[in-house]
Every structure is written in C-alpha cells, then in structure tokens.
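Undergrad: Right, I'll just put the structure down here and ask away after.
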Amino acid sequence: KEHVATRDRDARRVKAVDHAIDILETIARADRSLGVSEIARKAGLSKATTHHMLATLETRRFVMRDPDSASYRLSWALYELGSNVVRNVNLSRVARPYLDRLAAQTGESTLLGILDENSVLYLDRGEAPGGLRMSADAGRRGPLHATASGKVLLAFAADGEVTIPSDSDLSEAASGEPLAKFTRTTVTSQAALRRQLAQVRTRGYATCWQEREVGLCSIAVPLRDYTGKVVGSLTVAGPASRMNPRTYQAHLPPLRAAAHRIELHLGGARPHDHPEVH
C-alpha cells in the first residue's frame, strides 16, 4: 500500500512545476546572479528547458534579468508571496491546538509567551485536568528573570531588545540594582542571571524552580520563525511535587516535539532539521 501511495503521489507531480522550483532554488542558493548555462548545469536541466522556464518566470516577476550580463536573480514577486505567508501566520492561532495537546500529554499546564516591554506576556495557555492553577493566565505578564518563559526569551533576545547588563558589569559591585525577589529561590544577582542565560543558550531550554511562585516549577523552550528569530516561548508548568530537578527531564521530549511542530507552521524548521520526538 505504501508503494502504491508513493506512486500515486509521484504521478500527481507536474514536471514543469518541479523544474521551475529547481531553478528558483538554484538561484536562491547562489550569492550572485547566474547565467542560463550555469543555472541549467546546477539545476540538472537542459539549457533549452531552463531558457523557457526563465522567460516564463521573468514574465511573472519571479526572476529578473540583468540586460547587460543576461544573468538572472530572484525578483519581488517571491517577496510578496513570502510576506503574505508571514501576515497570515499568527503565533497564537498556530500554537492553540498544541497547547492543549501538550497539556494532555504531560498532565501539566502549558503556556505560550512572548517578549513585550521587558516582561513576558502570556498569550494563551493549555490546561490539563488536575493541573496546578496558576496566576499566569492569558493576558498576564511575568518577570523575565524569575520564569522559565522569561529566561528563554531573555537568553535569545536580540541586541537592544531588552535591557540586560553588559558583559563588563558582572561584578556584584558594578551590577547595579538587584533583581526583584519573589521567593527565596529567585535569582536576584545580575551576574548569576547572566550565567543562567548562557546555560540556556547552550542546552536550549530554561528552568524555573519556585522562583516566581512558591510550589510552582516550569521548563520552557524557544519558538523560532522563518528567519530563525526567537518569537516566543513554549512552557510546561506544574507543582513542585511533580515537576522538579529530578523529574523534569521526562517532559522535555514532548515539549520539544510540540515546539518543533509549531515552528513548522511558522516556517522556522523543516521536518529533517530535528528528529521527531514522541
């Protein structure tokens, strides 16, 4: 049956469309304009086929031809199509089903967060039956330094996006005002926070052990868009009795798998980029 399905799927492919995409991808991979012969060679097509394809793509504004060198590069029609994809992809809408599914898988609450005005803003959440009731409802904000969601967003923030102490300000004497303390485990030293953020970037996830609320622990991973930029965080949160430094590893595979599926919709990952984790 699998062989028949593959044959049927291949039969539905249109060679001309395949060739056109091969040409576009060949030009996209180059760091300069390419001539017809070079495009044909790199795409594995005949020069005649390549010439006809390029003429059509030029008419539809997918490629541009330099009148002096007769070489081709990508044109604005592709940018317009890509912009439509970006406009039509909404992080909350994309993540909604995965929040509930992840909550059901883990038996804990899940959160979708974004970086907004030096805090984490929670856009949505998923709730598992019997899960711990949290104050982090949709629309609420949380501190960046005292939540797993916030640490992930802070760790991968672009330069200038968030106020973070400079590398030269790591000593306690020069680190400025201490960070707000919420519980006895809250990290209030900017130097200690910077060390944590470096660890987050290395291992790809952040943890929070009762640093914002007593009895509540969480782990979070970043969500990347089509540019590779981190645009959000996906978090699993639960009571310290069930989620703690000894048990949290069990939640990482489903958390990472859910994040990967969300990123596929955002254009931030391809199926072969990361192994599917169940």
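The values are calculated or read from the model by the stated rules, or taken from the named source; none is laboratory data. Just so it is clear, the model here is predicted, and its values are computed rather than measured. In this analysis, Cβ positions are derived from the backbone assuming ideal geometry, glycine residues included, and neighbour counts consider all displayed protein chains. Ligands, DNA and RNA are stripped out before the accessible areas are found, and what is left, the full protein with its side chains, is counted by its heavy atoms. Shrake-Rupley method; radii C 1.70, N 1.55, O 1.52, S 1.80 Å.
Undergrad: For Arg29 and Thr59, what does the FRET efficiency come to when R0 = 25 Å and r is the distance between their Cβ atoms, rounded to the nearest 0.05?
TA: 0.65
Undergrad: Spin-label point model (7 Å from Cα, Cβ direction): what's the Ser37 to Arg12 distance in nm?
TA: 4.1
Undergrad: On to the next question. Give the lysines whose C-alpha is closer than 25 Å to that of Lys181, dropping any in the same chain fewer than 8 places away, or say none.
TA: Result set, ordered by chain and number: Lys151.
Undergrad: For a protection proxy built on the mean count of beta-carbon atoms within 10 angstrom, sort 231-243, 256-268 highest first, please.
TA: 231-243, 256-268
Undergrad: Here's a follow-up. Keeping every protein chain present and rolling a 1.4 Å probe, give me the accessible area per residue for segment 12-99 in Å².
TA: Per residue, segment 12-99 has 66 Å² of solvent-accessible surface.
Undergrad: Please list 245-255, 207-217 highest first by mean number of surrounding beta-carbon atoms within 10 Å per residue.
TA: Result, highest mean Cβ count within 10 Å first: 207-217, 245-255.
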